[in-house]
Amino acid sequence: MSPLEQLPHTADVASSPTEAEPLPPPPTYPTNPNLHLSVIHGWEHYSLLVSPREWRSICSIIIRRDNRTCASCAYMSPHPNGKGLRISYRNGVASDYNDHTNLILHCPPCQAIWNCDISGIEERVLLANSDMEQVEIVRKTRKMFEESGRIPRIREVDPLATRTDITIIDLADQLKAMKREELTEEEKGLRGFFMPEASDWFEITMAPEYVSRAPLLDT
Ligand SMILES: [Zn+2]
């Protein structure tokens, strides 16, 4: 089990009892084309306040409210109960979970970008300099994964991407200490690309016909 899956704020809601109920209309707020590498704040106060049962209930409410659609890349889970989708915090502050307007739905790859301090530890996201929008990197990676059953290499996603010596941990430390606008120009130009170890992030929300073509996972 990955660290992302161990954290209560990423609770899998596959066991939601609301599966048979009709889904609400899509949310009215726009998807987020400005998905970028971000960090989560307030986590240290969060785990003491919410129980797993309460969190599953909140997840179920948000999945229905947002019609099981990722707020950043607009991917809609084919699973009626939103299997694999996760909750992120619009303001990046985990302890503000009681305000449901602060809760947004993310597919696992978008959440890995949104919480790069957590995903960076796993080395399943690698940084490179790229002019592509982050959300387009997620969408293109998913499309290529669905077609080939494997995570594409960085240069397959963006042929013009270039290496950087900045690690995702370095960037997360910077984002913990300052606002995004205060980063250097090089740091602002960094994007997260997905490594082969990130396959399950794309696979878990996919329809079964795609999963059958995807590579087997280490379990
Ligand atoms: Zn997404």
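Within region 69-87, if we keep just the residues that are in contact with a strand residue (DSSP E or B) (Cβ under 6 Å, 6 or more places away or on another chain) and without any contact (Cβ under 8 Å) to a residue 60 or more places away in the chain, the residue that is farthest from ASP117 (Cα to Cα) turns out to be MET76. Only one of the numbered conditions (1) within 14 Å of the ligand (Cβ to nearest atom); (2) at pLDDT below 90 is violated by CYS110, and that is (2). Just to be sure, is THR31 assigned by TED's automatic domain parsing to the domain that holds ILE169, under 30 Å from LEU160 (Cα atoms) and either modelled with pLDDT of 85 or more or within 15 Å of the ligand (Cβ to nearest atom) (or both)? No. When region 61-97 is filtered for residues that are in a loop (DSSP other than H, G, I, E, B), of a type in the set (A, V, I, L, M) and more than 15 Å from TRP201 (Cβ to Cβ), the ones remaining, listed by number, are ALA71, ALA74.
Restrict the check to region 96-106 and report whether at least one residue is more than 11 Å from the ligand (Cβ to nearest atom), of a type in the set (A, V, I, L, M, F, W, C), within 22 Å of GLN174 (Cβ to Cβ) and over 10 Å from the mean Cα position of the chain (by Cα). For region 96-106, residues more than 11 Å from the ligand (Cβ to nearest atom), of a type in the set (A, V, I, L, M, F, W, C), within 22 Å of GLN174 (Cβ to Cβ) and over 10 Å from the mean Cα position of the chain (by Cα): absent.
Residues considered: SER130, SER88. Of these, the only one that is within 16 Å of the ligand (Cβ to nearest atom) and closer than 23 Å to PHE145 by Cβ is SER88.
The values are calculated or read from the model by the stated rules, or taken from the named source; none is laboratory data. What you are looking at is a predicted structure, and each value in this text was computed from that prediction instead of being measured. For neighbour counting, all protein chains shown are included, and Cβ atoms are generated from backbone atoms with ideal geometry for every residue, glycine included.
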